[in-house]
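Enquirer: Once you've had a glance at the structure underneath, I'll fire off some questions.
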Amino acid sequence: ASAVYRVAFRSGKEKIRMGKNRDIKNIFQESRVPSWLRDRIPLIYAGNELVAIAAVPDWQISMKVADGWLARTGEEGFEVSLSLADRVLTEG
């Protein structure tokens, strides 16, 4: 069965099922995600369940996937990553 996914951003108290229900705050801390970046990382939901946290390759942060949601060999899946582009502000 296919799921309908939606992308949202952190609002606080989110949990993902990885071995047990884990606060994404703790996952971000363990992965050394800078605090200013945490609210910008896409969170992937299937219904109301948080099923994945996007990767941030520029910071060597891999995608995190909830238990039971990782694609098996031969199954189709997807990967979501955040790419940060430097912004240059100019007057004019």
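Enquirer: If each of Met18 and Leu70 carries a label point 7 Å out from its Cα toward its Cβ, how far apart are those two points in nm?
Expert: It works out to 1.1 nm between the two label points.
Enquirer: Okay, moving on. Short version: ³J(HN,Hα) in whole Hz for each residue of the stretch 73-82, in order, from phi by Karplus 6.51 cos²θ - 1.76 cosθ + 1.60 (θ = phi - 60°), x for Gly and Pro, what are they?
Expert: Each residue of the stretch 73-82 in turn: 3, x, 8, 7, x, 8, 10, 10, 9, 9 Hz.
Enquirer: Okay, next question. For the chain, what is the relative contact order in percent, using Cα pairs closer than 8 Å and at least 6 residues apart in sequence?
Expert: 25 percent
Enquirer: Volume per residue, Å³, of the convex hull around the alpha-carbon atoms of the chain?
Expert: 144 Å³
Every number here is computed from the coordinates shown, using simple stated rules; none is lab data. Model, not experiment: these values are computed from the prediction. Positions of Cβ are generated from backbone atoms using ideal geometry, with glycine treated the same way; all protein chains shown enter the neighbour counts.
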